[in-house]
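First the structure, in the form of structure tokens, and then the observations on it.
The values are calculated or read from the model by the stated rules, or taken from the named source; none is laboratory data. The model shown is predicted, which means the values in this text are computed figures rather than measured ones. Here the Cβ is made from the backbone with ideal geometry for all residues, glycine too, and neighbour counts use every protein chain on show. For accessibility, only protein heavy atoms count, side chains too; no ligands or nucleic acids. Shrake-Rupley method; radii C 1.70, N 1.55, O 1.52, S 1.80 Å.
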Amino acid sequence: MDVVVLDDAEAVAAYVAALVLDAVVREPELVLGVATGATPLPVYRALARGSGDFSRVRVVALDEYVGLPAGHRGSYTEYVSQEIAYPLGIHPGNVVMPWGSGAELERRITELDGVDLQLLGIGRNGHLAFNEPGSPLDSRARVVELTESTRAANAAYVDPVPTHAVTQGLGTILDARELVLLATGTVKARAVSAALTGAVTPDCPASVVQRHPRVTVVLDAAAASMMAPWQTSSGWSARAW
Ligand code: F6R
């Protein structure tokens with residue numbers, strides 16, 4: 001696992017945008033797994049300011065709320081459309097959003113021959129996509145109930161926050177060929193430390209990334225503030241401590 005710690009959220013966005021751009025240059029038909037939420041927004045905006053050619057890229061989202069009407073501003077479908085697909089010139093037909101029971105999402109991902117590069121955020125409670133604490137480490141896409149803490153954290157973007165969501169499972173996420181986890185701000189420091197230096201456990205779903213052979217974690221100093229180099233296990237290269 002590569003852990004890159006940079007000064008601030010702006011540097012994190014620039015770093016991750018460069019990673020994505022690099023992957024698209026190498027593979028113009030990249031299957032890009034996208035996280036939504038506040039953390040990766042500056043990444044998508046940095047990509048939109050650049051001149052990368054995303055016209056053949058396929059996009060798969062991690063999760064979506066259940067029960068929001070079509071076109072709802074707080075839905076992840078709108079987020080992906082307004083912040084990713086439209087600004088980057090990705091054809092709407094090349095965007096896969098989770099819906100229904102989750103089985104359809106698994107089928108679409110299989111049809112695409114899997115996700116090449118998966119961007120991930122992390123919840124304050126350690127959730128990954130909407131796999132809340134207690135989620136099986138081998139779970140597949142399915143409908144889940146959101147915790148009160150997740151609903152409170154997301155209330156700024158959609159109010160009221162739906163009680164349920166359809167999400168890729170932790171097993172689904174681990175099937176991606178490469179993972180890039182990003183986190184910024186002290187509010188994420190505890191979850192980041194638990195996920196990267198603690199046990200791999202359903203109590204902290206994001207800890208499952210430790211099981212993936214190809215992971216880059218990109219943090220700002222605030223999100224990394226509860227970790228120290230001596231906490232990292234051997235084999236990690238903490239390039240910017
Ligand atoms: C969103 C997602 C969630 C978020 C997490 C962090 O697609 O899967 O796991 O990544 O809730 O959200 P922000 O970035 O808003 O703090």
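This table checks each residue for (1) of a type outside the set (Gly, Ala, Ser); (2) under 22 Å from residue 214 (Cβ atoms); (3) touching a residue at least 12 places away in the same chain (Cβ under 8 Å).
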| site | (1), (2), (3) |
| --- | --- |
| 3 | yes, yes, yes |
| 22 | yes, yes, no |
| 28 | yes, yes, yes |
| 34 | yes, yes, yes |
| 67 | no, no, yes |
| 92 | yes, no, no |
| 95 | yes, no, yes |
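Does residue 84 satisfy the criteria of being farther than 28 Å from residue 195 by Cβ and open to solvent by less than 40 Å² (accessible area, probe 1.4 Å)?
No.
Give just the number: which of (1) within 12 Å of the ligand (Cβ to nearest atom); (2) touching a strand residue (DSSP E or B) at 6+ places or on another chain (Cβ under 8 Å); (3) free of Cβ contacts under 8 Å to residues at least 40 places away in the same chain; (4) not hydrophobic (A, V, I, L, M, F, W, C) does residue 145 not satisfy?
Failing condition for residue 145: (1).
Scan 48, 70 and give me the residue that is touching a Pro at 6+ places or on another chain (Cβ under 7 Å) and either small (Gly, Ala, Ser) or within 18 Å of residue 167 (Cβ to Cβ) (or both).
The match here is 48.
Return yes when residue 126 is away from the ligand (no atom under 13 Å from the Cβ) and within 17 Å of the chain's Cα centre (by Cα) and no when it is not.
So residue 126 fails the test.
Is it fair to say residue 90 is outside any loop (DSSP other than H, G, I, E, B) and either away from the ligand (no atom under 15 Å from the Cβ) or buried (at least 20 other Cβ atoms within 10 Å of the Cβ) (or both)?
Answer is no for this residue.
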